[in-house]
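Here the structure is laid out as C-alpha cells; the discussion comes afterwards.
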Amino acid sequence: MADRAGEGCRVYLITPPAIDPARFPDLLAAALDAGDVAAVQLRLKDVADDGWRRAIDALRPVAQSRGVAFLLNDRADLVAGTGSDGVHVGQEDMPARQARALIGPDRTLGVTCKGSRDLAMAAGEDGADYVAFGAFFPSGTKEVSATIAPDILAWWSEMMELPCCAIGGITAGNCAPLVRAGADFLAVVGAVWNHPEGPAAGVRALNAAIAAARAEMA
C-alpha cells in the first residue's frame, strides 16, 4: 500500500461479508483489472476457520499477482500462515499491539478509529501502518449510528505522516470531499460489488471520481 508520499488517494476494496469462493475470484479479478486498487480486505462474517482458509486460498493469489495488498479483517492469527499481507482490526476486535505481535513487523496493520483523534494517535503509537476514520455516510454494509465530517481527515493529513483511510457509505458520487480533505484510501464495498454495471464499472467510476477531485485541487 502506497504511503503519503506515494500515489495519492487510492481505492481500498473490501469484500462482501458472504462470498462464493468458486465464483468470486473471477469477480475480484475483473474489479482489479479495471483500475488502480491499493488493497483488498477479506471480510467474512460467521465463517469457520476452514472457510476463511478456502477463501484466502482462492482470493489471495488474485490480488497479489496484480501487486495488490491482501489483508484480512480481524483475523491476525491467520495472516502469517496463509501468506496474507496484513490485517485490519476494529476497536471491538483484537488490540493493535496484539495484532502487530501476531503478524510481525513487516506486514500491514490497519486500525479502525471511528471519529476519534485520540484513538487514531494511540493506533499510530501501537504500530498501525494506517488508521481508518468513518463512517462518513450511511452505509448499506454496517449499521451506522452517527456519521462524521471530513474535517478529521484534513486534520490528520496535516498533522501526521501515517496514511488515513476513509470508510462508510463511500461512492463515486460522494467521495470528492474526502479526497480533497486528504484521505489516502477510500474503503468501499457496495460502490463496487453493487454497481449496476458490475464490479469493473464500479472501480472505474471510483478512480474517475478520485482523479476529478484531485484535478480540482491542482
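A compact table of results
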quantity: Unit charges at the beta carbon, dipole of the chain: most positive-side option, Ala96, Tyr130, Pro17; calculated: Pro17
quantity: Positive-end residue of Ile148, Leu206, Met121, charge dipole of segment 107-218 with Cβ unit charges; calculated: Leu206
quantity: Max mean-square fluctuation residue, GNM over the chain, Cα-Cα springs under 10 Å, options Ile167, Ile56, Ile148; calculated: Ile148
quantity: Backbone N within segment 98-128 under 11 Å of label point (7 Å from Met160 Cα along the Cβ vector); calculated: 111-128
quantity: Calculated diffusion of segment 1-65, Stokes-Einstein form, Kirkwood radius summed over Cα pairs, 37 °C and 0.692 mPa s, µm²/s; calculated: 258
quantity: Choice from Met160, Met121, Met94 showing the highest fluctuation, given a GNM over the chain with Cα pairs closer than 10 Å; calculated: Met160
quantity: Taking the C-alpha atoms of segment 24-176, convex hull volume expressed per residue in Å³; calculated: 128
quantity: Total charge dipole magnitude, the chain, about the Cα centre, Cβ charges on Lys, Arg, Asp, Glu only, Debye to nearest 20; calculated: 260
quantity: Cα gyration tensor category, rounded, prolate or oblate, for segment 103-218 with a/c compared to 1.5; calculated: prolate
quantity: About the Cα centre, charge dipole magnitude for segment 32-122 (Lys/Arg +1, Asp/Glu -1 at Cβ), debye; calculated: 140
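Computed from the coordinates by the stated procedures, all read-outs in this text should not be read as laboratory data. These numbers come from a predicted model, not from an experiment. We place every Cβ from the backbone using ideal geometry, glycine too, and count neighbours over all the protein chains shown.
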